[in-house]
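Enquirer: Supplied in structure tokens, the structure appears directly below.
A short reminder: the numbers here are calculations on the coordinates, not readings from a lab. Everything quoted here is computed from the prediction, not taken from an experiment. Ideal geometry is used to build each Cβ from the backbone, glycine not excepted, and the neighbour counts take in all protein chains shown.
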Amino acid sequence: MKIDIIGYGSMGKMILEKFIETKTIEQGKLFVSNRTYDKIMNLNKIYPQINICGNNIDAVKDADIVFICVKPLEIKTVLSEIINGIKDNCHIVSLNGSILFKQLEQICGNRKISKIIPSVTAEVNKSATLICHNDYVNYDDKNILKELIGCFGSFVELPETEIGIGSELTSCMPGFIGAIFKVITDEAEKHTAINKEQIIQMVIETLYGTGKLLLEKRITFEELINRVATKGGITEEGTEIIGKKLPEIINEVFEKTLEKRKIITEKAQKDFMI
Ligand SMILES: NC(=O)c1ccc[n+]([C@@H]2O[C@H](COP(=O)([O-])OP(=O)(O)OC[C@H]3O[C@@H](n4cnc5c(N)ncnc54)[C@H](OP(=O)(O)O)[C@@H]3O)[C@@H](O)[C@H]2O)c1
């Protein structure tokens, strides 16, 4: 099995590190290329056996699986460059949710293509990677890919049409959670003499513990609310305001992000037609 990673940015780096750290793939079977070579040229100091390639065409030669880890509007350039250099049965894996299979197939034809959408939380082995496949990916290819991405955490298989909202709930979610808890810690400062560092420590520990509680005890959000926000108590004052005011904000967030996703897809569609 020869695995190729094109694009050594946030996602390409994470995937490479996970494969090596979890010993999912032997270093010698991993090939990596990046537009700016300087970014990868010293990688052998950390991973002595991985194969660092000076260009994408060399990297994909004989590859069984190619992970395309570049920004959406760069995918077409990369695919056009590599398509004649890859094996017929090579499994192409795009990390982008906005570029549709029908667009990718304009360049790749009837090749095996999957999409995986990881989350940065995979870095700590807790994540739900989204996965979907085009019609040419067979049962064995799906299983091999699932085994590989199992080193990021769990995965959820979705139809292509649901990848947008699925991405908001997984890969975008750490950003949303960060933004929400930044507001919480900033606003808390206005009501207390406790220093910011301690505020942040209290909130992060509680956030981590709440996630563990939900996952490990298998309790629902409603059960959690009921356990803390007892009738007529203090927490209930807060949860009622959240229940009343937050839906409007969250709806606006989803409307905006899904709209942006649509714009990127339309832009890519035009780009792929040129
Ligand atoms: N970040 C996330 O949390 C996340 C989550 C899920 C999915 N994704 C998807 O994953 C993909 C990558 O995102 P990212 O956040 O990792 O982006 P990024 O940090 O900007 O990394 C992109 C990398 O691609 C390289 N690149 C660009 N054009 C190239 C080419 N022609 N050949 C080889 N390498 C090239 C860039 O090289 P340079 O060094 O020259 O810039 C850069 O290192 C995107 O499609 C994104 O939508 C991201």
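Enquirer: Please work out the FRET efficiency for the pair residue 210 and residue 156, using the Cβ-Cβ distance as r and a Förster radius of 25 Å; give the result to the nearest 0.05.
Expert: Details: r = 21 Å, r/R0 = 0.84.
My answer for the efficiency is 0.75.
Enquirer: Whole-Å semi-axes of the range 173-266's equivalent ellipsoid, largest first, each the root of 5 times a Cα gyration tensor eigenvalue? Please report the intermediate quantities before stating the final value.
Expert: On the way: eigenvalues 138, 72, 49 Å².
Its equivalent ellipsoid spans semi-axes of 26, 19, 16 Å.
Enquirer: Here's a follow-up. Say we join alpha carbon atoms closer than 10 Å with springs in a Gaussian network model of the chain; which of 14, 173, 202 then has the biggest fluctuation?
Expert: 202
Enquirer: Quick check: the angle from helix 72-82's long axis to the longest principal axis of the chain, C-alpha only, nearest 10 degrees?
Expert: 20
Enquirer: Something else about it: Going 7 Å from the Cα of residue 246 along its beta-carbon direction, which residues of the range 178-215 have the amide nitrogen within less than 17 Å of the resulting point?
Expert: 178-188, 203-215
Enquirer: Would you order 183, 78, 93 from fewest to most other beta-carbon atoms within 10 Å of each residue's own beta-carbon? It would help to have the intermediate numbers written out before the result.
Expert: Working: 183 10, 78 21, 93 26.
If I rank by nearby Cβ atoms, fewest first, I get 183, 78, 93.
Enquirer: Given a 10 angstrom Cα cut-off, can you work out which residue in 83, 107, 199 is the most mobile in a GNM of the chain?
Expert: Answer for the Gaussian network model of the chain: 199.
Enquirer: May I pose another question? With springs only between Cα atoms under 10 Å apart, run a GNM on the chain and tell me which of 215, 169, 104 wobbles the most.
Expert: Of the options given, 215 has the highest mean-square fluctuation.
Enquirer: Could you tell me the distance between the Cα centroids of the range 123-189 and the range 1-65, to the nearest Å?
Expert: The range 123-189 and the range 1-65 have Cα centres spaced 22 Å from each other.
Enquirer: Once you sort the root eigenvalues of the Cα gyration tensor of the range 213-274 as a ≥ b ≥ c, which label holds: rounded (a/c under 1.5), prolate (a/b larger than b/c) or oblate (the other case)? Working shown, then result.
Expert: Numbers: a/c = 8.05, a/b = 2.49, b/c = 3.24.
Oblate is the answer for the range 213-274, as a/c is 1.5 or above yet b/c matches or exceeds a/b.
Enquirer: Past the 25 Å Cα-Cα mark, which pairs from 2/115; 115/245; 245/267; 13/146; 18/262? Spell out each step's value before the answer.
Expert: Values: 2/115 18 Å; 115/245 35 Å; 245/267 34 Å; 13/146 19 Å; 18/262 31 Å.
Where the Cα-Cα span goes over 25 Å, the pairs concerned are 115/245; 245/267; 18/262.
Enquirer: Taking DSSP loops as anything outside H, G, I, E and B, show the longest stretch in the chain free of trypsin sites (Lys or Arg not before Pro) there with at most 10 other beta carbons within 10 Å.
Expert: Working: sites that count: 23, 190, 217, 218, 231.
Of all site-free stretches, the longest is 24-189.
Enquirer: Additional query: Would you mind checking the tilt of helix 173-189 against the longest principal axis of the Cα atoms of the chain, expressed as 0 to 90 degrees and rounded to 10?
Expert: The answer is roughly 30 degrees.
Enquirer: If the chain between residue 221 and residue 57 were fully stretched, how many nm would it gain, using 0.36 nm times the residue separation less the Cα-Cα distance? Intermediate results must be reported in sequence, preceding the final value.
Expert: Values: separation 164, 0.36 × 164 = 59.04 nm, distance 4.87 nm.
Computed gain between residue 221 and residue 57 is 54.2 nm.
Enquirer: Would you please state which residues of the range 115-132 a label at residue 169 would reach in this model, taking the label point 7 Å out along Cα→Cβ and a backbone N cut-off of under 20 Å?
Expert: 115-122, 126-132
Enquirer: Can I ask one more? Taking the alpha-carbon distance from residue 196 and a cut-off under 23 Å, which lysines remain once sequence neighbours fewer than 8 residues away in the same chain are dropped?
Expert: Within the straight-line limit of under 23 Å, residue 196 reaches these lysines: 182.
Enquirer: On C-alpha positions alone, give me the angle between the axis of helix 139-149 and the longest principal axis of the chain, in degrees, nearest 10.
Expert: With both axes taken from Cα atoms, the answer is about 60 degrees.
Enquirer: Tell me the mean residue ellipticity at 222 nm calculated for the chain from its helices only (DSSP H runs of n ≥ 4, each -39500 (n - 2.57), averaged over every residue, nearest 500). Write out the running numbers ahead of the final one.
Expert: Details: 10 runs with 140 residues, N = 274.
Estimated from H runs of four or more residues: -16500 deg cm²/dmol.
Enquirer: For the range 1-61, run through the GluC sites (Glu not before Pro) and keep only the ones in DSSP coil with at most 15 other Cβ atoms within 10 Å of their Cβ. Walk me through the numbers before you get to the answer.
Expert: Values: sites: 17, 21, 26; in loops: 26.
Those that pass, being in a loop and sparsely packed, are 26.
Enquirer: Suppose we keep just the DSSP beta bridges with both residues in the chain; what percent of those would be antiparallel, to 5? Provide the component values of the computation, followed by the final result.
Expert: Numbers: 4 of 26 bridges.
Rounded to the nearest five, the antiparallel share is 15 percent.
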